[in-house]
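These notes concern the structure reproduced below.
The values are calculated or read from the model by the stated rules, or taken from the named source; none is laboratory data. What you are looking at is a predicted structure, and each value in this text was computed from that prediction instead of being measured. Cβ atoms come from the backbone with ideal geometry, glycine included; neighbour counts cover every protein chain shown. The area values use the complete protein model at the heavy-atom level, side chains included, leaving out ligands, DNA and RNA. Shrake-Rupley method; radii C 1.70, N 1.55, O 1.52, S 1.80 Å.
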Amino acid sequence: MACLLETPIRMSVLSEVTASSRHYVDRLFDPDPQKVLQGVIDMKNAVIGNNKQKANLIVLGAVPRLLYLLQQETSSTELKTECAVVLGSLAMGTENNVKSLLDCHIIPALLQGLLSPDLKFIEACLRCLRTIFTSPVTPEELLYTGPDHQTILFNHGAVQNIAHLLTSPSYKVRMQALKCFSVLAFENPQVSMTLVNVLVDGELLPQIFVKMLQRDKPIEMQLTSAKCLTYMCRAGAIRTDDSCIVLKTLPCLVRMCSKERLLEERVEGAETLAYLIEPDVELQRIASITDHLIAMLADYFKYPSSVSAITDIKRLDHDLKHAHELRQAAFKLYASLGANDEDIRKKIIETENMMDRIVTGLSESSVKVRLAAVRCLHSLSRSVQQLRTSFQDHAVWKPLMKVLQNAPDEILVVASSMLCNLLLEFSPSKEPILESGAVELLCGLTQSENPALRVNGIWALMNMAFQAEQKIKADILRSLSTEQLFRLLSDSDLNVLMKTLGLLRNLLSTRPHIDKIMSTHGKQIMQAVTLILEGEHSIEVKEQTLCILANIADGTTAKELIMTNDDILQKIKYYMGHSHVKLQLAAMFCISNLIWNEEEGSQERQDKLRDMGIVDILHKLSQSPDSNLCDKAKTALQQYLA
């Protein structure tokens, strides 16, 4: 029976609470405008700092009425302003409050309010908009976020209207103007190219940004100015060797990574620096020797710090919150630093416990940290030396294979790209990776809807097949299946097609392997080769395809699949006379392998090709201005004379 009484009790309590709030809403419907205004003012005072009252008023339907009054032409400006203030206060409550406001279509109403001539009303609308858009529940696409929106703002004079605010006496205004420019310039060459030439009080904008990142300015201003210059540089508006980048922006961002800075500042500094130097080897070298940066970053992994939980619980809580972000930022910056230079990679790997930290990062709960750790490892895996030493010592392939089992696409793309490096023939990790079931995993990636994953899957298989044993090649063909192989050969993505041709070329190397594979898959492979040579493909694609034919022609029994296929022979003949030297050379390799006179049946093959007019073409090519082509033609002719 007690259970039956529970619901009515709750309802009665709720009705008491809402009854005490109802009179606020009722006054919004009074026919006297003055009483309505006073009702809104009283409501404003009632909701300040009172989340319970806010929730009650939303439940009672205050929001639609406030929005109606805000948009009515007959409403006084004072009433409209007070309505916007109350709505802003409601938005400062819980996330559910914000959802309720969004459901009532508050955004269009507030944006319309910005067209008012009254500054107080505009300010109230802007404050409310800012509160709503800083809430995580507000969809970003409701306001300007992408490149198209940057362009809309740019076309409506945002740059000119914001530029003069950089000289405002108010620090807050200057900072907001700076932040606007950083957002506008990010990955936007059009805006960035314009910013370079903007004058403010006779001074160019980049010069103003440089002044704002000097050491005597507030840290927030230094960081945001450095971001503006970084984004302009990455967008191609400022050269990477410009003194404002090398001597001002880069050192400023390195300073932000030091122990003296707040954890939030260190994160932002490292991430911005990583973005700045990512494509430029010279900036990577400069950064690596500035203020012991590589060693400085090692400190990012020492949080949360080992302070007593009793004496400094707040500090510990703060450290825990930022620990993930710090590790992510450090991995990102190490990845950028080590992208090109072997000496820098060596320094990074020799930093205290670095490989252990990266390996630990691969299994972190935070997806962002895992992604940054994989990117860092991928950057370091470009080093032949490190693949042979550190990567082997720490058995990096083990956690990497684990990452590849179950991860979001963004991690899979980088992890599979790194696996391509670990499968290069000189890598000691190749053998254990093969034994851990990599073939099936990679064949699975080739079926992904994501083109980058298909490319990496087939690329890794191509590296795996290079100079591999017959068993490995057979495993690849069995796991991949001929159906999937031919689907990949007709893939719309050029990179997938090129890597699949590369895989075929590696599978069809060394005579016993060529003969074995062609004896079981010859018909389908010849069919695929014919389709590619007949299709509308690039020079590179056709060159790879002719090289596959040249490999087939090098087989003992496999070459008969070419000699008995007049269509293919005519195609080889056609490409010998092609206008592009690369294709002529590739076709020449096919002919040379077919007519080599030390091999059984060479006389019959030579006779058949002579009857087709191949010898006449060889004589012509022996006069070619291209020395390589000329030499190959002369060598081939000697086979006929021997």
Considering only segment 126-203, give the helices (runs of 4 or more DSSP H) lying wholly within it that have at least 1 residues that are touching a Lys or Arg at 6+ places or on another chain (Cβ under 8 Å) and buried (at least 17 other Cβ atoms within 10 Å of the Cβ).
171-185
For segment 406-416: of the residues being of a type outside the set (A, V, I, L, M, F, W, C) and open to solvent by 30 Å² or more (accessible area, probe 1.4 Å), which is nearest to T446 (Cα to Cα)?
D409
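Quick grid of which residues meet (1) of a type in the set (D, E, K, R); (2) surrounded by 19 or more Cβ atoms within 10 Å (Cβ to Cβ); (3) more than 18 Å from F301 (Cα to Cα):
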| residue | (1), (2), (3) |
| --- | --- |
| D317 | yes, no, no |
| Q328 | no, yes, no |
| F331 | no, yes, no |
| A339 | no, yes, yes |
| D343 | yes, no, yes |
| A372 | no, yes, no |
| S381 | no, yes, yes |
| R388 | yes, no, yes |
| V396 | no, yes, yes |
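Residue-wise test of (1) of a type outside the set (V, I, T); (2) crowded, with 20+ Cβ neighbours inside 10 Å.
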residue	(1), (2)
I245	no, yes
L253	yes, yes
T272	no, yes
R285	yes, no
A295	yes, no
Condition (residue is on the phi > 0 side of the Ramachandran plot and not aromatic (F, W, Y)) applied to segment 609-628: is it met by at least one residue?
yes
Listing of helices (runs of 4 or more DSSP H) fully contained in segment 534-595 that carry 3 or more residues being open to solvent by less than 30 Å² (accessible area, probe 1.4 Å) and either closer than 22 Å to Q639 by Cα or among the basic types (K, R) (or both):
539-553, 566-576, 581-595
In segment 345-363, how many are in contact with a helix residue (DSSP H, G or I) (Cβ under 9 Å, 6 or more places away or on another chain), farther than 15 Å from A295 by Cβ, of a type outside the set (V, I, T) and surrounded by fewer than 18 Cβ atoms within 10 Å (Cβ to Cβ)?
1
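Could you list, in sequence order, the residues of segment 387-399 that are under 16 Å from A373 (Cα atoms), under 25 Å from the mean Cα position of the chain (by Cα) and assigned to a helix (DSSP H, G or I)?
Result: F391, W397, K398, P399.
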The conditions are (1) crowded, with 22+ Cβ neighbours inside 10 Å; (2) at pLDDT below 95, and L263 fails exactly one of them. Which is it?
(1)
Any residue in segment 231-249 that's at positive phi: show its pairings with residues that are open to solvent by 20 Å² or more (accessible area, probe 1.4 Å) at Cβ separation under 9 Å, as long as the two are six or more apart or on different chains.
G236/P189; G236/M193
Note: among I411, I433, just one is assigned to a helix (DSSP H, G or I), out of contact with any Lys or Arg (no Cβ under 7 Å at 6 or more places or on another chain) and β-branched (V, I, T), namely I433
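Here's the yes/no breakdown for (1) of a type in the set (A, V, I, L, M, F, W, C); (2) over 16 Å from L422 (Cα atoms); (3) in contact with an Asp or Glu (Cβ under 6 Å, 6 or more places away or on another chain); (4) open to solvent by 10 Å² or more (accessible area, probe 1.4 Å):
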{"site": "L445", "(1), (2), (3), (4)": "yes, yes, no, yes"}
{"site": "W459", "(1), (2), (3), (4)": "yes, no, no, yes"}
{"site": "F466", "(1), (2), (3), (4)": "yes, no, yes, yes"}
{"site": "R478", "(1), (2), (3), (4)": "no, yes, no, yes"}
Evaluation of L503 against (1) surrounded by 16 or more Cβ atoms within 10 Å (Cβ to Cβ); (2) under 21 Å from A452 (Cβ atoms); (3) modelled with pLDDT under 95 (one fails), failing number:
(3)
Considering only residues that are among the aromatic types (F, W, Y) and in a helix (DSSP H, G or I), look in segment 449-496 and name the one that is nearest to I525 (Cα to Cα).
F486
Does any residue in segment 539-552 that is small (G, A, S) come within less than 6 Å, Cβ to Cβ, of a residue that is in a helix (DSSP H, G or I) six or more places away or on a different chain, and which pairs are these?
A550/F589; A550/C590; A550/N593
Taking first residues from segment 258-280 that are under 15 Å from Y303 (Cβ atoms) and second residues anywhere that are among the small types (G, A, S) and buried (at least 17 other Cβ atoms within 10 Å of the Cβ), the pairs with Cβ under 6 Å that are 6 or more apart or on different chains are V267/A329; A270/A329
Please identify the pairs in which a residue from segment 357-380 that is among the hydroxyl-bearing types (S, T, Y) has its Cβ atom under 6 Å from the Cβ atom of a residue that is surrounded by 22 or more Cβ atoms within 10 Å (Cβ to Cβ) and in a helix (DSSP H, G or I), counting only partners at least 6 apart or on another chain.
S379/A335
Restricting to helices (runs of 4 or more DSSP H) lying wholly in segment 221-314: which have 3 or more residues that are in contact with a Ser or Thr (Cβ under 9 Å, 6 or more places away or on another chain) and hydrophobic (A, V, I, L, M, F, W, C)?
250-255, 263-277, 293-298
